[in-house]
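Written below as structure tokens is the structure these notes are about.
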């Protein structure tokens, strides 16, 4: 029977405690969510600065809808690109000190667009033989890895945040070239500003130097750093003081710290012009609603003028101090992402369910989202949390972990 593997695949997921289901929220206000009539403190949101319900964002949506309506009505290259989109692109380019910016509907689409546009066959343009390589950090997001596997580049993965291993990989590529009839290779090194499951940061300065040494481009996915890190919230590259020469491609999203939706790619004018002409995810997708662009720009301006980033940092420090005092084992992360590694999907799910009974919503993250044996509770902190919320979380974790040990 056609597609008879579907039921078997689902049964295997259920047996391994890896089955995923969507949770429908009744409401979400600040750090609270309501599910099936029950209220929970939410420690699983990526709304790091509490911006999605801020007055700036809400008013931006109202103003944008009043001026442009509910949707864009077309792809950007037809009639979908408005002054609202252009204003957002221009503001981002100025704040990031990049020549140009291109908007996308999601970070997933943006990452795939970069990979597939840069590493597609162009026989009518190129006369010489070129090889393409994508060297990705072992813990890169699935969107980038999926894009890399779906393009004409050879994908290589280097050990997480390991510049020595990356150096070895780059040398292997150069050695392979010397033994083949290859006149030129295009090499893209990709990493994340803040890694989404561990909360640690990439050694961007070292990665940039190594990439330039080997005539490779460095691309940074800063989905979880943009809006939070840097003097003005422009992200991990601003924090590290890296220019467009150091990091030719920057991708980041608006659906996390900024509190709206969508994504962008920033770089040179030539790169953005190239993506405009060859990135299918941009060319053939309806543009994001103009009202979304208005709300996003309003959020970015508000972030720079508010103390939300300072509040978030205080909450991170409070959590780590209370958790360490309670004897909890923490990762080295100093960002809003604070994982508690459990290592077993069944135990991780049980912990999440115990916390839920206490009114604490902390998602269980299991393979294949994370490597096998690193199943975890992924705690995310927000500027919306109060100290008593964080104390309740630490108390709940201590109690739930103690109960789990007693059961075993």
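Summary of computed values
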{"quantity": "Selected residue [outside any loop (DSSP other than H, G, I, E, B) and either at pLDDT 95 or above or assigned by TED's automatic domain parsing to the domain that holds residue 375 (or both)] from 261, 252", "calculated": "252"}
{"quantity": "Selection within the stretch 321-339 - surrounded by 20 or more Cβ atoms within 10 Å (Cβ to Cβ) and either without any contact (Cβ under 8 Å) to a residue 40 or more places away in the chain or within 24 Å of the chain's Cα centre (by Cα) (or both)", "calculated": "335, 336, 337, 338, 339"}
{"quantity": "Subset tally (residues that are under 30 Å from residue 307 (Cβ atoms) and assigned to a helix (DSSP H, G or I)) for the stretch 337-385", "calculated": "1"}
{"quantity": "Single unsatisfied condition, residue 346 versus (1) over 25 Å from residue 52 (Cα atoms); (2) in contact (Cβ under 8 Å) with a residue 24 or more places away in the chain; (3) in contact with a strand residue (DSSP E or B) (Cβ under 9 Å, 6 or more places away or on another chain)", "calculated": "(3)"}
{"quantity": "From the options 300, 393, residue that is buried (at least 22 other Cβ atoms within 10 Å of the Cβ), part of a helix (DSSP H, G or I), modelled with pLDDT of 95 or more and in the same structural domain as residue 254 (by TED's automatic domain parsing)", "calculated": "300"}
{"quantity": "Filter pass, residue 117 being assigned to a loop (DSSP other than H, G, I, E, B), out of contact with any strand residue (DSSP E or B) (no Cβ under 8 Å at 6 or more places or on another chain) and within 25 Å of residue 147 (Cα to Cα)", "calculated": "no"}
{"quantity": "Residue satisfying all of: in the stretch 205-242; in a helix (DSSP H, G or I) and under 16 Å from the mean Cα position of the chain (by Cα); farthest from residue 118 (Cα to Cα) among these", "calculated": "236"}
{"quantity": "Enumeration of residues in the stretch 367-388 that are surrounded by 22 or more Cβ atoms within 10 Å (Cβ to Cβ) and free of Cβ contacts under 8 Å to residues at least 40 places away in the same chain", "calculated": "375, 377"}
{"quantity": "Filter result for the condition that a residue is touching a residue at least 40 places away in the same chain (Cβ under 8 Å), closer than 25 Å to residue 330 by Cβ and in contact with a helix residue (DSSP H, G or I) (Cβ under 7 Å, 6 or more places away or on another chain), over 240, 236, 185, 159", "calculated": "236"}
{"quantity": "Residue check for residue 8: farther than 27 Å from residue 376 by Cβ and at pLDDT 95 or above", "calculated": "no"}
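The values are calculated or read from the model by the stated rules, or taken from the named source; none is laboratory data. Worth saying up front: this structure is predicted, and the values here are computed from it rather than measured. Neighbour counts run over all protein chains shown; Cβ positions are idealised from the backbone, glycine included.
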